[in-house]
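FYI, it's all coordinate maths here, none of it is from the lab. The model shown is predicted, which means the values in this text are computed figures rather than measured ones. Heads up, the Cβs are rebuilt from the backbone with ideal geometry, glycines too, and the neighbour counts pull from every protein chain shown.
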Amino acid sequence: MRSGKVISICFPLLLLWACSKEKKISGEKTEQPVGRDAEVALVRPETVPDSIEFAGTVVAEKTTVLSSKTVGTIVAVMAKEGDRVKKGQPLIEIDARDDRAELQGAQAALEEANSAAGAAEAAVTSAREQKELAAATFKRYEPLVAKGSVTPQEFDEVSAKHKIADAELARAEDNLRAARARKKLAEAKIASAQSLLSYTKIVSPFDGAVTAKSADIGTLAAPGTPLMTVEQSGPYRLEVQVGETWLARVKLGIAVRVVIDAVNAELSGKVNEIVLAGDPQSRTFTIRIGLPSHTLLHSGLYGKAQFSLGMREVVLVPAASITERGQLVSLYTVDDTGLVHLRLVTPGKHYDGKVEVLSGLAPGDRIVVNGTNKVLEGSRVTLPAAH
């Protein structure tokens, strides 16, 4: 019973002490931290170049897919992917035995035709001489038969020889024309055989590099079947896909800033071609941008094309004023009383040590631009003197 009285007396005393302590604490004035050496600046709009960026791929100005013009078995492949090649350099050889046999047969036929044509020309010459002799004899006999100096039978014999000479010349000329026709046919067969034989050697059409190869020894080559791809040495271009919304802003000949990160290159390109046949699925159009020569460029590189859109007004803040914590980006603003507030913002592009703020900040706001590590939410800073 005695202990119960002690507890009942102590509890009111503890309660009274706690209440008095709370009143004492609540009556105390909270001291706010002071941000020393913190520089405060007024946010003002700035004018910067405006641009839109599109991704693309570097391709050669000229690329050729080589294929065979004849059917045959590949017997030699003289280049592989990555090899540099010269114009006219043999790259693939196809079995040419049948074509060589065809050429040899045509050449033999031409020799025979030449011999026949020579004999026919000699026969024509002889027949023409015989005709001239027969014509002269016939001309001498015509007045003699009228005078009775020769018999009609003798005149008939001369006249017959004259007609025979005409027929022999006509036949010799026909034989000569036939021989010449056979000669032309043989020459045509030789040209055809030589052409077919040339198809068995596939050469590089220009100086460049082999970028793809599907030809192997023993493979059957046929017209239209890709065997090797060669891209020309020299200028390249960047091909980008531009949405129809921006197509009207792209003009032929305009300068484009091109960035190729893989080779650490920033190039000045120019729009050379706009392919107006767009993709109906993506609603995009191909823009071809000519690039200047660069030793490290090659097909397949990823590139970015930046099209200038003029100038625009933006809110920029020093990069040092931005704080990033994970995916949250913030900075410190200062109200009219000098009180510091942490504010979340949405960053945009970077401009020479400054960052564009897309949302969360407006012109006329004050921010802490230097000494952000010395202020906290609720700190007080000295406001700059009004100008």
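Could you please report the charge total around residue 51, scoring K, R as +1 and D, E as -1 over all other residues with beta-carbon less than 12 angstrom from its beta-carbon?
Working: positive: 249, 257, 304, 312, 349; negative: 50, 53.
Within the 12 Å Cβ shell, the charges total +3.
At a Förster distance of 30 Å, what's the computed FRET efficiency of residue 44 paired with residue 329, Cβ-Cβ distance as r, to 0.05?
Details: r = 20 Å, r/R0 = 0.68.
FRET efficiency, residue 44 to residue 329: 0.90.
Per DSSP helix of 4 or more residues, -39500 (n - 2.57); summed, then divided by the residues of the chain. What does that give at 222 nm, rounded to the nearest 500? Don't jump to the answer; show the numbers that get you there.
Values: 4 runs with 129 residues, N = 387.
Taken over the chain, the calculation gives -12000 deg cm²/dmol.
Taking 8 Å as the Cα distance limit and 6 or more residues as the minimum spacing, I'd like the relative contact order of the chain as a percentage.
Working: 707 pairs, mean separation 109.0, N = 387.
With pairs under 8 Å counted, the relative contact order is 28 percent.
About the Cα centre of region 57-196, how large is the charge dipole given +1 on each Lys and Arg Cβ and -1 on each Asp and Glu Cβ? Please answer in debye to the nearest 20.
420
Using the Cα centre as the reference, give the magnitude of the dipole from point charges on the C-beta atoms of region 213-260 (Lys, Arg: +1; Asp, Glu: -1; all else neutral), rounded to the nearest 20 debye.
Numbers: 5 positive and 4 negative charges, 62 e Å.
The calculation lands at about 300 debye.
Measure up 139/184; 201/304; 251/349; 69/183; 354/374 against 30 Å on the Cα-Cα distance and list the ones that go over. Spell out each step's value before the answer.
Values: 139/184 40 Å; 201/304 41 Å; 251/349 25 Å; 69/183 27 Å; 354/374 21 Å.
Beyond 30 Å: 139/184; 201/304.
Taking 41 Å as R0, compute the FRET efficiency from the Cβ-Cβ separation of residue 295 and residue 195 and round it to 0.05.
Details: r = 40 Å, r/R0 = 0.96.
E between residue 295 and residue 195, to the nearest 0.05, is 0.55.
Rounded if a/c is under 1.5, else prolate if a/b beats b/c, else oblate: with a ≥ b ≥ c from the C-alpha gyration tensor eigenvalues square-rooted, which is region 224-285?
Working: a/c = 2.03, a/b = 1.15, b/c = 1.76.
Judged from the Cα gyration tensor, region 224-285 comes out oblate (a/c at least 1.5, b/c at or above a/b).
I need the trypsin sites (Lys or Arg not before Pro) found in region 183-274, filtered to DSSP loop residues with at most 14 other beta carbons within 10 Å of theirs. Kindly include the intermediate steps, with their values, before the conclusion.
Details: sites: 183, 184, 189, 201, 213, 237, 249, 251, 257, 270; in loops: 249, 251.
Of the trypsin sites (Lys or Arg not before Pro), the ones in loops of region 183-274 whose Cβ has at most 14 other Cβ atoms within 10 Å are 249, 251.
Work through the residues other than residue 267 whose Cβ is under 13 Å from its Cβ and net out their charges, Lys, Arg +1 and Asp, Glu -1. Kindly include the intermediate steps, with their values, before the conclusion.
Numbers: positive: 237, 257, 270, 304; negative: 261, 266.
Computed value for this residue: +2.
Is the chain rounded, prolate or oblate when judged by the Cα gyration tensor, a ≥ b ≥ c being the square roots of its eigenvalues, rounded requiring a/c under 1.5 and prolate requiring a/b larger than b/c?
Values: a/c = 6.68, a/b = 4.03, b/c = 1.65.
Taking the square roots of the gyration eigenvalues as a ≥ b ≥ c, the chain is prolate.
Using per-residue counts of other Cβ atoms within 10 Å, averaged over each peptide, order 116-127, 76-87 from highest down. Numbers along the way, then the final one.
Working: 116-127: 16.3, 76-87: 13.9.
Ranking, from highest mean packing down: 116-127, 76-87.
Assigning unit charges at the beta carbon (Lys, Arg +1; Asp, Glu -1) and nothing else, what dipole magnitude in debye, to the nearest 20, does the chain show about its Cα centre?
Numbers: 48 positive and 47 negative charges, 286 e Å.
So the magnitude is around 1380 debye.
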